[in-house]
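Student: One structure coming up, written as structure tokens, with questions to follow.
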Amino acid sequence: MAERGGSGRKGSRPEGWTRVVRARSAVGRTHPVTDTPAQTVTPSFRSDVTVELVKHTAADSDVLWAARVSTAGEQSLEELQKDPERSKGLINYLMRDRHGSPFEHNSMTFFISAPILVFREFMRHRVGWSYNEESGRYRELEPVFYVPGQDRKLVQEGRPGKYVFVDGSPEQHKVVSDAMIDSYRRSYETYQEMLAAGIAREVARSVLPVGLFSSMYATCNARSLMHFLGLRTQHEQAKVPSFPQREIEMVGEKMEREWARLMPLTYAAFNANGRIAP
Ligand SMILES: Cc1cc2nc3c(=O)[nH]c(=O)nc-3n(C[C@H](O)[C@H](O)[C@H](O)COP(=O)(O)OP(=O)(O)OC[C@H]3O[C@@H](n4cnc5c(N)ncnc54)[C@H](O)[C@@H]3O)c2cc1C
């Protein structure tokens, strides 16, 4: 399913989006609120995620420069780029022998918009990562929700520790979409009712589900990204298979594409050595 309704990108509410300012409370009264004119917010539903590389200083030459200081002292980057075959060999050797620190002298900042359930898994990655996520205390959260697309496998088969996911039937997809959309709408209405009754955002947000989209900046280096990709993607060249949730894998795949473009030699060495972070 393609994007339905909104972009999920916060701060720019699409044309026609509006906000409830007079809502019925649980006991049936209506509450005036100190906000803009009476309008209604329309939830939107997405089955994709956003990953944008917003800032970077990341190149294969950063790895070479850091590695060669141990044998050659300081050198100019131009000097290092003169012999591509030697550079490729050195990067491969560092990756193979898990000499990891030369892969840390670079930086990539991503803007990510994804359901909260993805961020909950993402932020378990502690080392070599910095995060800043939008606040549900300082701003009203927008009603953008995750609904799995038609290509999302829906059914788990097999025993714990050894299972596979298989396609859902059209009927199962309908069950999922209908149930999620109904539940999302009701929880967001409740959220808005509380805000309209003067309840603080930090209290009212408790009713919102983990399918709500959030956004964050995540900054990492090639080494921490490789560790993340080794755990959060599935790949035919992986020596140690992982079984990530599909939604975090969708984010990982988009990050991987950006990184591969910036550091092609490092990326090739990562794959050639079984996608195990050095
Ligand atoms: C498929 C999958 C299923 C998962 N299921 C669950 C689950 O059911 N419940 C759950 O709670 N988590 C789960 N996790 C999260 C998982 O346990 C890790 O927290 C997460 O993958 C981050 O990995 P990490 O700790 O290696 O990464 P980072 O935090 O980035 O750490 C990187 C590396 O630094 C070292 N390191 C970091 N912190 C320490 C430390 N305190 N002590 C020693 N060494 C350290 C380790 O070598 C570590 O690999 C799951 C992860 C995956 C990929």
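Student: When all C-alpha to C-alpha distances in segment 154-204 are sorted into bins of 10 Å, what percent of pairs does each bin hold, rounded to whole numbers?
Tutor: Going out from 0 Å in 10 Å bins, segment 154-204 shows 22, 26, 22, 21, 9 percent.
Student: OK, next. What spacing in nm lies between the two simple spin-label points modelled at Arg257 and Thr57, each 7 Å away from Cα in the Cβ direction?
Tutor: The two pseudo-label positions are separated by 2.8 nm.
Student: Out of all Cα-Cα pairs in segment 99-255, roughly what percent, to the nearest whole number, are more than 22 Å apart?
Tutor: The proportion of pairs with Cα distances above 22 Å equals 53 percent.
Student: Let me ask something additional. How big is the gap, in Å, between the Cα center of segment 186-230 and the Cα center of segment 88-162?
Tutor: Their Cα centres are 15 Å away from one another.
Student: Among the lysines, select those whose C-alpha is under 29 Å from the C-alpha of Lys162, and discard any that sit fewer than 8 residues away in the same chain.
Tutor: Lys153, Lys174, Lys239, Lys254
Student: Over all directions, the average projected area of the alpha-carbon convex hull for segment 112-164 comes to how many nm²?
Tutor: Seen from a random direction, the Cα hull of segment 112-164 projects 6.2 nm² on average.
Computed from the coordinates by the stated procedures, all read-outs in this text should not be read as laboratory data. Keep in mind that this is a model prediction, so the values were computed, not measured. Don't worry about glycine lacking a Cβ; one is built from the backbone with ideal geometry, like all the others, and counts go over all protein chains shown.
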